[in-house]
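Each remark here refers to the structure printed beneath this line.
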Amino acid sequence: MNQERDFLAERVKGLQKAGLNETAAMLELVRGIEGVVDLGYGDPYYTTPAHIMEAAKRAMDEGYTHYVLPVEGYTPLREAIAQKLAVQNGIAADPNTEIIVTVGVEEAINVIMLTLINPGDEVIVPEPYYSPAFKAVKMVGGVPVYTQLREERDFRTDPEDVRKKITPKTKMIYCITPNAPTGGVMQKEDLDQITGIAQEKDLLVVTDEIYEKMIYDDEKHHSIASFPDMKDRTISMFGFSKAYAMCGWRIGYLTANPDLVKNMTAIHVQLVLMANSISQKAALEALTGPQDCVEEMRRDFQDRRDLMVARLNPLGIRCKPPKGSMYIYANVSELDMVGIDFARRLATEARVLAHPGTTYASSEGYEQYVRFNFTSVSMDELNIALDRIEEFVRKL
Ligand code: PLP
């Protein structure tokens, strides 16, 4: 191979540049250090509930190892999804024409962008960001335009800021609620305003609702597709990874109008043909089997969140209890340190891994934040991590 020749496509170079590899840098920093507690990783601590695993084993024993048609997803699974969307999200989706079972929300994000975004089209995405969202936009030549989530607004998308960011090139408003990496949950009135903007400016709305079940206190999750006249212009994504502790199964789904679904199916087939057969059977069991596991995990996560907020604030690590998801995006400015220095020192001196807030932002204004995941380790490990954080801060 000629060493001089550059074989890489511009696309991947763009992604690498956008890749802000602080997460990898943090892992590198703790390589070789024993007993680090990782509060960075975005995967819940639980293993998948037993009845879901049993369904997967049964599927294998029954020979469910072939391609699954239709490519949009196993029919009983799409029917169960339609039922769930109707009852829990207030979205009336036709299982045959308005749902695609995807390889996680991750595939759905890329299917959406590949189907709808031309080079130069603008997509309004929240910042701090879930980086695969803006990268998916960039990968197809689109332009992510950031709308800032601010601590003062409990990290909820500010519809007025969204409005200011709209140009003639804007095609889509992208919402994540409950939000990663901030834990903000959009309120009904926020979504009412987004609805108004999308209708007035004739825009699509894409919502990532993967954390819909990780919602705390008396907060409510609202699906914007259920708002009047929004179903046709909204693409809603949902997952199994977080609600059912199924990150490794790579299964999720989206719902949209039949025309969009038809076109997105063409891309879905091109990318993956169809979702994994065993995972589809497991997902069917997840939706139709007992749901106490979801509530048990939610309650446990809420307790962990409360513990963490109660212990971080007295140390000068400022955070309100996030209303959803599994992250605390905390402000360390009272410690006279920026987030990246705090996270690096915490990792090497206290053996607790957290992510600098700037991992998730390229605009200014997020230097003072650090993101902690309160669900990624056992309760014992979380207590150890909190003891270490306390000792570290007391010594500063
Ligand atoms: N969307 C958000 C906001 C996430 O935080 C994550 C994972 O952390 C995903 C999507 C990935 O979802 P999936 O595992 O279904 O691909």
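The values are calculated or read from the model by the stated rules, or taken from the named source; none is laboratory data. Every value quoted in this text rests on a predicted model; they were computed, and no experiment measured them. Using ideal geometry, Cβ is built from the backbone for each residue, glycine included, and neighbour counts are taken over all protein chains shown. All accessible areas refer to the heavy atoms of the entire protein, side chains included, with ligands and DNA or RNA removed. Shrake-Rupley method; radii C 1.70, N 1.55, O 1.52, S 1.80 Å.
Helix 50-61 and the long axis of the chain differ in direction by around 50°, with both axes built from C-alpha atoms.
Each Lys and Arg contributes +1 and each Asp and Glu -1, all at the Cβ; summed about the Cα centre of region 79-198, the dipole is approximately 320 debye. Determine the distance separating the Cα centre of region 101-130 from the Cα centre of region 143-218; give it in Å without decimals. Here the two parts' Cα centres lie 14 Å apart. Computed from point charges on the beta carbon alone (+1 for Lys and Arg, -1 for Asp and Glu), the dipole magnitude for region 232-336 about its Cα centre is near 140 Debye. What angle, in degrees between 0 and 90 and rounded to the nearest 10, separates the Cα long axis of helix 277-288 from the longest principal axis of the Cα atoms of the chain? Compared with the principal axis, the helix lies near 80 degrees.
Each Lys and Arg adds +1 at its Cβ and each Asp and Glu adds -1 at its Cβ; summed about the Cα centre, the chain shows a dipole of about 560 debye. Extension gain for residue 272-residue 94 works out to 61.8 nm (0.36 nm per residue, less the C-alpha to C-alpha distance). With a ≥ b ≥ c taken as the square roots of the eigenvalues of the C-alpha gyration tensor of region 307-368, please select rounded if a/c is under 1.5 and otherwise prolate if a/b is larger than b/c or oblate if it is not? Taking the square roots of the gyration eigenvalues as a ≥ b ≥ c, region 307-368 is rounded. Which one of 369, 329, 64 has the biggest mean-square fluctuation once the chain is modelled by GNM with Cα springs under 10 Å? Of the options given, 64 has the highest mean-square fluctuation. Counting other Cβ atoms within 10 Å, which trypsin sites (Lys or Arg not before Pro) in region 206-308 have at most 14 and lie in a DSSP loop? Of the trypsin sites (Lys or Arg not before Pro), the ones in loops of region 206-308 whose Cβ has at most 14 other Cβ atoms within 10 Å are 220. Relative to the dominant Cα principal axis of the chain, helix 292-312 is inclined by about 30°.
Less than 5 angstrom separates the built amide H of residue 207 from those of 175, 235, 236, 237, all sequence-distant by 5 or more or on a different chain. Overall form of the chain: rounded. Here a/c, set by the Cα gyration tensor axes a ≥ b ≥ c, is under 1.5. Taking +1 at the Cβ of each Lys and Arg and -1 at the Cβ of each Asp and Glu, which of 50, 317, 40 sits farthest along the dipole of the chain towards its positive end, judged by Cα position relative to the Cα centre? Farthest towards the positive end: 40. For the chain, the residue among 357, 396, 225 whose Cα projects farthest onto the positive side of the dipole built from Cβ charges is 357. From the alpha carbon centroid of region 260-281 to that of region 345-394 is 37 Å. By the gyration tensor of its Cα atoms, with a ≥ b ≥ c the square roots of the eigenvalues, what is the shape of region 88-238: rounded for a/c under 1.5, prolate for a/b over b/c, or oblate? Rounded, since a/c falls under 1.5.
Between residue 310 and residue 396, the C-beta separation translates, for a Förster distance of 22 Å, into a calculated FRET efficiency of about 0.65. Using a probe of 1.4 Å, the accessible surface attributed to residue 192 totals some 70 Å² when neighbouring protein chains are kept in position. Is any residue of region 144-181 close enough, with backbone N under 20 Å, to a label point placed 7 angstrom from the Cα of residue 320 along the Cα-Cβ axis, and if so, which? Taking a point 7 Å out along Cα→Cβ of residue 320, the residues of region 144-181 whose backbone N falls under 20 Å are 147-162, 176-181.
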